[in-house]
1. Any residue that is among the small types (Gly, Ala, Ser), surrounded by fewer than 21 Cβ atoms within 10 Å (Cβ to Cβ) and closer than 25 Å to TYR34 by Cα - is there at least one of those in region 182-205?
2. Looking at (1) touching a residue at least 24 places away in the same chain (Cβ under 8 Å); (2) in a helix (DSSP H, G or I); (3) farther than 29 Å from GLY199 by Cα, can you tell me which one GLU113 breaks?
3. So which residues in region 206-231 are crowded, with 16+ Cβ neighbours inside 10 Å and of a type outside the set (Gly, Ala, Ser), if there are any at all?
4. Surrounded by 15 or more Cβ atoms within 10 Å (Cβ to Cβ), charged (D, E, K, R) and at pLDDT 95 or above: is that true of ARG108 in this structure?
5. Need at least 1 residues that are charged (D, E, K, R) per element, so show me which helices (runs of 4 or more DSSP H) inside region 158-260 make the cut, counting only ones lying wholly within it.
6. Assess whether GLY39 counts as being surrounded by 15 or more Cβ atoms within 10 Å (Cβ to Cβ) and either touching a helix residue (DSSP H, G or I) at 6+ places or on another chain (Cβ under 6 Å) or hydroxyl-bearing (Ser, Thr, Tyr) (or both).
7. Can you tell me which residue in region 164-185 is nearest to LEU263 (Cα to Cα), limited to those that are out of contact with any strand residue (DSSP E or B) (no Cβ under 6 Å at 6 or more places or on another chain) and without any contact (Cβ under 8 Å) to a residue 40 or more places away in the chain?
8. Determine, yes or no, whether HIS134 is touching a residue at least 40 places away in the same chain (Cβ under 8 Å) and of a type outside the set (A, V, I, L, M, F, W, C).
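The values are calculated or read from the model by the stated rules, or taken from the named source; none is laboratory data. Computed from a prediction, not measured in an experiment: that's the story for all the values here. Here the Cβ positions follow ideal geometry from the backbone for every residue, glycine too, while neighbour counts run over all protein chains shown.
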Amino acid sequence: MREFAVFWGCTIQARFPFIEKSTRLVLESFGLPYRDIDGFTCCPEKSLVNNIDRGSFVLTAARNVALVDELGLDLVSPCTGCVSNLSTVKGELNADPREKAEVNGLLREVGREFKGVSRLQHLVPFFHDTVGIHKIKQKIKRDFDGMRIALHYGCHMIRPSHALKNDDPLNPVKFDNIIRGLGAESLQFMTKLMCCGQGLDRVDAHDKALDFARVKLKELKAIGADALVLCCPSCFLQFDNNQFLMIKEGERLGVPVIYFTELLGLALGFSAAELGMTSHRVDCSPFVSKWEALSKRPSPSAGIEAGLTGPSALG
């Protein structure tokens, strides 16, 4: 496997260091050849920077991609927004030689060059396509048989589809395939591909952001989901932090929110505490307790095997 650099982005390291921890534990458990490299900045964030100054948005993203280009590395990120932004700029510059030349003229002033040849991936398609579900199944120590999990792909995992090419933007399946590979049921529900709404908080529309979160969380509560599993730090902020605020106001929600790398880490044998899940705002212990209780059940074949090897089997 080709060596790759991890692009952490701003939100994970600044607000959710436990997501960084779980990601590192998972990458190291699989023995994956990742590196931290110096010089990365904000991707930059699209809804703020791009709307104020597109030139700065493009130049900043191009410089980040240039860092891995120069080292001959691929880039993998646990943040969907970062990959979406970097991939969008990479695609636009590779399709427009004139703009690419203008950007490189500016980058030369700081000794950089954007080539646009490195592969940029989010962790979910990386684990699905590059690591492979068969390898994941071989590695895990405890599966999630009996657990009912609701997935949230988020907008930036699958859009813009022409730049990302991660999955079918209208019917994505890769995240579901991984969850089923871990033994859980991946629930199908009406709001599965609905935007989390977290961007509304950035434009001072907090009540509307809560409305978006509330719609999905109420549906998940109604269908009996054991947890909401997601793969974007902004979506995590929306469903963990904003759900906590709603619970404080008396709303009966309480849907555990788990990051993809935390779920994978549990399957690999790490405890919730080791993964930092005790730092979540919404309590994850109902999910963990149910999972632990289910894992103590005898397997369906246990009774048969006991009968074959016990005294009665010997005549």
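1. Step one: filter region 182-205 for residues among the small types (Gly, Ala, Ser), giving 183-184, 186, 197, 199, 205.
Now restrict to residues that are surrounded by fewer than 21 Cβ atoms within 10 Å (Cβ to Cβ): 183, 186, 199, 205.
From the residues that got through so far, the ones that are closer than 25 Å to TYR34 by Cα too are none.
No, region 182-205 contains no residue that is among the small types (Gly, Ala, Ser), surrounded by fewer than 21 Cβ atoms within 10 Å (Cβ to Cβ) and closer than 25 Å to TYR34 by Cα.
2. Answer for GLU113: the failing condition is (2).
3. Of region 206-231, the ones crowded, with 16+ Cβ neighbours inside 10 Å are 209-210, 212-214, 216-217, 219-220, 225-231.
If the condition is that a residue be crowded, with 16+ Cβ neighbours inside 10 Å and of a type outside the set (Gly, Ala, Ser), then LEU210, PHE212, ARG214, LYS216, LEU217, GLU219, LEU220, ASP226, LEU228, VAL229, LEU230, CYS231 are the ones that fit.
4. Numbers: surrounded by 15 or more Cβ atoms within 10 Å (Cβ to Cβ): no; charged (D, E, K, R): yes; at pLDDT 95 or above: yes.
Here the answer is no, as ARG108 does not meet what is asked.
5. Values: elements: 161-164, 174-181, 206-223, 233-236, 243-248.
Passing ranges, in order: 174-181, 206-223, 243-248.
6. Values: surrounded by 15 or more Cβ atoms within 10 Å (Cβ to Cβ): no; either touching a helix residue (DSSP H, G or I) at 6+ places or on another chain (Cβ under 6 Å) or hydroxyl-bearing (Ser, Thr, Tyr) (or both): yes.
No.
7. Among those that are out of contact with any strand residue (DSSP E or B) (no Cβ under 6 Å at 6 or more places or on another chain) and without any contact (Cβ under 8 Å) to a residue 40 or more places away in the chain, it is VAL173.
8. Numbers: touching a residue at least 40 places away in the same chain (Cβ under 8 Å): no; of a type outside the set (A, V, I, L, M, F, W, C): yes.
It is false that HIS134 is touching a residue at least 40 places away in the same chain (Cβ under 8 Å) and of a type outside the set (A, V, I, L, M, F, W, C).
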